[in-house]
1. In a strand (DSSP E or B), open to solvent by less than 80 Å² (accessible area, probe 1.4 Å) and either touching a residue at least 60 places away in the same chain (Cβ under 8 Å) or not acidic (Asp, Glu) (or both): is that true of residue 54 in this structure?
2. Please find, within the range 15-27, the residue that is nearest to residue 72 (Cα to Cα) out of those that are buried (at least 23 other Cβ atoms within 10 Å of the Cβ) and of a type in the set (A, V, I, L, M, F, W, C).
3. Any residue in the range 186-207 that is without any contact (Cβ under 8 Å) to a residue 24 or more places away in the chain and at negative phi sitting within a Cβ distance under 7 Å of a residue that is open to solvent by less than 10 Å² (accessible area, probe 1.4 Å) and of a type outside the set (Lys, Arg)? List the pairs, counting only those 6 or more apart or interchain.
4. Could you look through the range 281-308, keep only residues that are touching a residue at least 12 places away in the same chain (Cβ under 8 Å), out of contact with any Ser or Thr (no Cβ under 6 Å at 6 or more places or on another chain) and open to solvent by 40 Å² or more (accessible area, probe 1.4 Å), and pick out the one that is nearest to residue 108 (Cα to Cα)?
5. Which one of the conditions (1) out of contact with any Lys or Arg (no Cβ under 9 Å at 6 or more places or on another chain); (2) among the basic types (Lys, Arg); (3) open to solvent by less than 80 Å² (accessible area, probe 1.4 Å) does residue 134 fail to meet, given that it meets all the rest?
6. Of a type in the set (D, E, K, R), touching a residue at least 60 places away in the same chain (Cβ under 8 Å) and touching a helix residue (DSSP H, G or I) at 6+ places or on another chain (Cβ under 6 Å): which single residue out of 99, 23 fits that description?
7. Just to be sure before I move on: is residue 47 in contact (Cβ under 8 Å) with a residue 40 or more places away in the chain and either farther than 24 Å from residue 99 by Cα or open to solvent by 20 Å² or more (accessible area, probe 1.4 Å) (or both) in the structure I sent?
8. In the range 212-242, how many are assigned to a helix (DSSP H, G or I) and among the hydroxyl-bearing types (Ser, Thr, Tyr)?
Amino acid sequence: MKYNIVVLPGDGIGPEITNEAVKVLNNVSKRFNKQFDFKYLDMGGIAIDKFNDPLPKNTIGECLSSDSVLLGAVGGPKWDNYSGERPEKGLLKLRSSLKLFSNLRPAVLHESLKDACVLKPEIANKGIDIMVIRELTGGIYFGERGRKNTEMGETAWDTEAYSFEEINRIAKVAFEIAAKRKKKIVSVDKANVLESSRLWRETLISISKNYPDIELSHMYVDNAAMQIVKDPSQFDVLLTSNMFGDILSDEASQVTGSIGMLPSASLGVTSLGVYEPIHGSAPDIAGQNIANPIATILSVAMMLKYSFDLKEESNAIESAVSKVLNSGYRTPDIYTENTKKVGTAEMGNLIAENI
């Protein structure tokens, strides 16, 4: 069977890390007799430079007709003062155009990387395996916004809004994933202050009646941020809104040792998804062959699992990553004394060879 994958390398380190993920997929193709066809297109700052648009219509069309999308990273200081739509606007537009409302961000502490964990050993030794499920196309990032002059000077506003259906559909995703894990969901909100959070909590409680074997609890976002640092082992599935999920998943990634290790999947009602590392474009290290490609490589492992239902092939990638890490190889961001420092391309080669 042939799988058509659109690759959007993007900006900064994006081209480097997507190259390594494609390299690994090519070895999966040889090992398991699967065919992956890749089409490279522009998105983000590079698309602004070429087309004055962070997400050209042609790119949207090709993504919609593909089987899945691999995204590197977008943005950078070069476009901070750009007068039109910024690179990040293309990312929001991509998610909206493909109707991708759920974002899965696993935060896992690999046994061999415990030394890189920023937490005390007694906390790290309890393990970290969190699936952050973030609502992706609603909330404050997509709400009404604007500016006006008031007696206090120029005033800006952004609106947080959630409908029952937006909450209902992401909740179903969380409950179905929790059923395959430890059957435990912590829903994060700010229901003591925000009306949108009160509807979020009410909806979760109502839906939970359909899943009696799943344990549902609630936590305010400020407490959740503290608990991720205090004892991340208490979390299994962590479900939250767009902005809270954006922040908490980055915190969870840093707790595990490096933001360069964590993949993500953005999904909707079909098998079409966008797979990307959760880190940014890191323009300060672009072109130096020091970026960590593992998050991107693990993102294509998620692609094989969630979009293509190729579980054996997905497991092969995850196992290859573990083998390389257990052998002591590290990119600079996770390097510690007595390990072997390698560059972006060499890490990709090592993982591909272990498929």
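1. In short, no.
2. By that ranking, first place goes to 17.
3. Here the result reads 201/187; 201/189, each pair linking the range 186-207 to a residue that is open to solvent by less than 10 Å² (accessible area, probe 1.4 Å) and of a type outside the set (Lys, Arg).
4. Result: 306.
5. For residue 134, the failing item is (1).
6. Result of the check over 99, 23: 23.
7. No.
8. Qualifying residue count for the region: 1.
The values are calculated or read from the model by the stated rules, or taken from the named source; none is laboratory data. What you see is a predicted model; the values in this text were computed from it and never measured. Please note: Cβ atoms are built from the backbone with ideal geometry, for glycine as well, and neighbour counts cover all protein chains shown. These area figures cover heavy atoms from the full protein model, side chains too; ligands, DNA and RNA do not enter into them. Shrake-Rupley method; radii C 1.70, N 1.55, O 1.52, S 1.80 Å.
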